[in-house]
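Participant: Can you read through this structure? Questions will come right after.
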Amino acid sequence: KKNSITAAMYRMIADALSDGEKDEDVRVIVICGKPDIFTAGNDLQDFLNTSTQGDFADRPVVHFMKNLSACSKPVIAAVAGAAIGIGTTLLLHCDMIYAADNARFSMPFAQLGLCPEFASSLLLPRLIGFPRAAEKLLLGEPFSASEAFAMGLVNKVLPVSELFAYAYAQAAKLVNLPASSLRVTKALMKGLYLDEVQ
């Protein structure tokens, strides 16, 4: 299903992020998919079956996004292939994003009769500017890795064959730096950024 994400998968990823946050031996978190697909977004059948169950705040996807956005450790994303819906939204909560030249990003919420999720309507305009964000969120059309780089959404675009090795090499550089200074620097950047947009 092209790495489409079920509630059970969100639960596992949320738990992994929580465990990584608590474990002092975990210094950096890397999120990646397969060489041909990052994620097709929510598993639609699972979403239809589970989206009305319980309170919104208790849903696994909410725990996943809260754990990701609150993570004090550096989070790197390595994106190859399509990153649809939540696949692009989650990138707005990562610290460094590396994309393969085959990456395609899409936020088709308006097309689906939905509003943008998890602060993407706030974060995307701040990151790439209002006119570009309006185009991406209102039209919901896919855009390429080179366009994402030009807009400042991703740090670097690489051939697919080099993507994961590069992302892990960047993670290794962070592992060799003082963990406390990385956490404080990230907290300062996020704090200042959030203060600016409020």
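The values are calculated or read from the model by the stated rules, or taken from the named source; none is laboratory data. Small disclaimer: the values here were computed from a predicted structure and weren't measured. Using ideal geometry, Cβ is built from the backbone for each residue, glycine included, and neighbour counts are taken over all protein chains shown. Note: accessible area is taken over every heavy atom of the protein model, side chains too, but ligands, DNA and RNA are not part of it. Shrake-Rupley method; radii C 1.70, N 1.55, O 1.52, S 1.80 Å.
Participant: Given the conditions (1) in contact (Cβ under 8 Å) with a residue 24 or more places away in the chain; (2) touching a helix residue (DSSP H, G or I) at 6+ places or on another chain (Cβ under 6 Å), which single one is not true for residue 166?
Facilitator: For residue 166, the failing item is (2).
Participant: Also, quick follow-up: Sort out which residues of the range 105-146 are over 26 Å from residue 57 (Cα atoms) and touching a residue at least 40 places away in the same chain (Cβ under 8 Å), and write them in order of number.
Facilitator: Listed by number, the residues that qualify are 105, 142, 144, 145, 146.
Participant: In addition: Residues to consider are 78, 100, 70; find the one that is among the small types (Gly, Ala, Ser), at pLDDT 90 or above, open to solvent by less than 30 Å² (accessible area, probe 1.4 Å) and more than 11 Å from the chain's Cα centre (by Cα). First the steps, then the outcome.
Facilitator: Working: 78 fails: more than 11 Å from the chain's Cα centre (by Cα); 70 fails: open to solvent by less than 30 Å² (accessible area, probe 1.4 Å).
Unique residue meeting the criteria: 100.
Participant: Under 6 Å between Cβ atoms, at least 6 apart or on separate chains: pull out the pairs that start in the range 1-23 with a residue that is at pLDDT below 95 and in a loop (DSSP other than H, G, I, E, B) and end on any residue that is open to solvent by 20 Å² or more (accessible area, probe 1.4 Å) and among the aliphatic types (A, V, I, L, M).
Facilitator: 2/40; 4/40
Participant: Does the range 158-166 include one or more residues that are among the polar types (S, T, N, Q) and under 23 Å from residue 89 (Cβ atoms)? So that I can check it myself, show each step before the final result.
Facilitator: Step one: of the range 158-166, the residues among the polar types (S, T, N, Q) are 161.
Then keep just the ones that are under 23 Å from residue 89 (Cβ atoms); that gives none.
Checked the range 158-166: no residue is among the polar types (S, T, N, Q) and under 23 Å from residue 89 (Cβ atoms).
Participant: So, one more: Say we look at the range 1-12 and pick out the residues that are of a type in the set (A, V, I, L, M, F, W, C) and open to solvent by less than 60 Å² (accessible area, probe 1.4 Å); which of these is nearest to residue 61 (Cα to Cα)? Walk me through how you get there before you give the answer.
Facilitator: Residues of the range 1-12 that are of a type in the set (A, V, I, L, M, F, W, C), as a first pass: 5, 7-9, 12.
Checking the rest, the ones that are also open to solvent by less than 60 Å² (accessible area, probe 1.4 Å) come to 5, 7-8.
Details: 5: 9, 7: 7, 8: 9 Å.
So the residue we want is 7.
Participant: Here's another thing I want to ask about it. State whether one or more residues within the range 149-162 are open to solvent by 60 Å² or more (accessible area, probe 1.4 Å), out of contact with any His (no Cβ under 7 Å at 6 or more places or on another chain) and either modelled with pLDDT under 95 or among the hydrophobic types (A, V, I, L, M, F, W, C) (or both). Steps first, answer last, please.
Facilitator: Here is the first cut: in the range 149-162, the ones open to solvent by 60 Å² or more (accessible area, probe 1.4 Å) are 149-150, 155-156, 161-162.
Those left that are additionally out of contact with any His (no Cβ under 7 Å at 6 or more places or on another chain): 149-150, 155-156, 161-162.
Still in the list and also either modelled with pLDDT under 95 or among the hydrophobic types (A, V, I, L, M, F, W, C) (or both): 149-150.
Yes, the range 149-162 contains at least one residue that is open to solvent by 60 Å² or more (accessible area, probe 1.4 Å), out of contact with any His (no Cβ under 7 Å at 6 or more places or on another chain) and either modelled with pLDDT under 95 or among the hydrophobic types (A, V, I, L, M, F, W, C) (or both).
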